[in-house]
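Asks: Okay, here's the structure, questions in a sec.
The values are calculated or read from the model by the stated rules, or taken from the named source; none is laboratory data. Predicted model only: the values in this text are computed from it and were never measured. We place every Cβ from the backbone using ideal geometry, glycine too, and count neighbours over all the protein chains shown. Areas reflect the complete protein model, heavy atoms only, side chains present, ligands, DNA and RNA absent. Shrake-Rupley method; radii C 1.70, N 1.55, O 1.52, S 1.80 Å.
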Amino acid sequence: MIQAQDTFLHIIADNLPSLTVHPLRTDHAHPENESLQMNAVNIEFTIADLRVQVSQVYTSIDVINDDEQTARTQALQIAQLLQQGGVAPEMDYSGLAATPPTPAAPTGRNIFWNPNAVRFRPVNSGDSYFRFNCTLVLNFNNS
Amino acid sequence: MNLQPIIDQALRFVGPPVLNTYKRLTTSTGGDALTGRYGSVTTADTLLDPQPIYRQLGKDAEVLNAVGLAVSGTTYEFLVSSTALSDVELAQKNLSLVQKDAAGTQVLAFKIVGFTPVQGFGKNLTFKIFADVVTR
């Protein structure tokens, strides 16, 4: 599951380098990852439906920006990227933390999502920021 | 008028606390921050001087919730002199607090969830720091 999540983060970050991708996860050593970031694309993995073969993890993409038009433009960029195809090779990024680091390697499995289900909707947007959320189901193989 | 020495003296008078409070700066190098696979993670602990006084909020949390602070009854409130911590340091997201006993053994670690300055005479005199325990 971690490899699938890592791959999805890199798909967004590597293909849209002009965006700031901010992963959200509980990490007490890095508390900056525990809260939403302004002017960034916040990605959080939530409900996990774990099965023997194909599992799912709900992926929440929050585009938060102090300018609504920028947020909508960034959401469109993400939607266009995810709609280019609904499948990508799963990669193992654990080697990046090694000394010396080794490049990401394919696991031989795929991750996939429904490219027609990329739907952004405004959430809790106040006067000082605009929040655009898309919840996507990310599928991955366990074996 | 410089109130800071008086405030620092008052904090030292109320202390010493049961546990010593340190500011902790966590620095990560190398690896891949996006996936949380860091090359190395190091921490630097600095004893706060003067030591802050602290308490758990209890029912006062309701009042703070009303003004938009996400705290609970078990959240700790630290009253820290601006001599010990600056607003620039508090703005750093990799800053946290830890408490150690007299032998230097870490007992509690805290995540800072909010802070508010107490100002006077054109400067920050103290900070009220709200922090949740993350080690139990």
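Asks: Look at region B:88-101 and say how many of its residues are touching a Leu at 6+ places or on another chain (Cβ under 9 Å) and in a loop (DSSP other than H, G, I, E, B).
Replies: Qualifying residue count for the region: 3.
Quick grid of which residues meet (1) touching a Phe, Trp or Tyr at 6+ places or on another chain (Cβ under 8 Å); (2) within 11 Å of chain B (Cβ to nearest Cβ):
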site: A:Pro17; (1), (2): no, no
site: A:Val21; (1), (2): no, yes
site: A:Arg25; (1), (2): yes, yes
site: A:His28; (1), (2): no, yes
site: A:Glu32; (1), (2): no, yes
site: A:Asn39; (1), (2): no, no
site: A:Ile47; (1), (2): yes, no
site: A:Asp62; (1), (2): yes, no
site: A:Asp66; (1), (2): yes, no
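Asks: Among the residues of region B:79-96, are any modelled with pLDDT under 85, among the polar types (S, T, N, Q) and touching a strand residue (DSSP E or B) at 6+ places or on another chain (Cβ under 8 Å)?
Replies: The answer is no, given that none of the residues of region B:79-96 is modelled with pLDDT under 85, among the polar types (S, T, N, Q) and touching a strand residue (DSSP E or B) at 6+ places or on another chain (Cβ under 8 Å).
Asks: Sticking with this structure for a sec: Of these, A:Thr7, A:Thr59, which one is touching a residue at least 24 places away in the same chain (Cβ under 8 Å), outside any strand (DSSP E or B) and under 18 Å from A:Cys134 (Cβ atoms)?
Replies: Every option except A:Thr7 fails the conditions.
Asks: A:Ile61 is checked against (1) within 30 Å of B:Val133 (Cβ to Cβ); (2) modelled with pLDDT of 95 or more and fails just one. What number does that condition carry?
Replies: (1)
Asks: Quick check on my filter: what residues within region B:73-100 are open to solvent by 50 Å² or more (accessible area, probe 1.4 Å), within 20 Å of B:Val134 (Cβ to Cβ) and away from chain A (no Cβ under 14 Å)?
Replies: Of everything in region B:73-100, just one residue is open to solvent by 50 Å² or more (accessible area, probe 1.4 Å), within 20 Å of B:Val134 (Cβ to Cβ) and away from chain A (no Cβ under 14 Å), namely B:Thr74.
Asks: Turning to a different aspect of this structure: When region B:1-21 is examined, which residues are found to be open to solvent by less than 40 Å² (accessible area, probe 1.4 Å) and assigned to a strand (DSSP E or B)?
Replies: B:Thr21
Asks: Identify, by number, the condition in (1) open to solvent by 60 Å² or more (accessible area, probe 1.4 Å); (2) hydroxyl-bearing (Ser, Thr, Tyr); (3) assigned to a strand (DSSP E or B) that A:Thr26 doesn't meet.
Replies: Answer for A:Thr26: the failing condition is (3).
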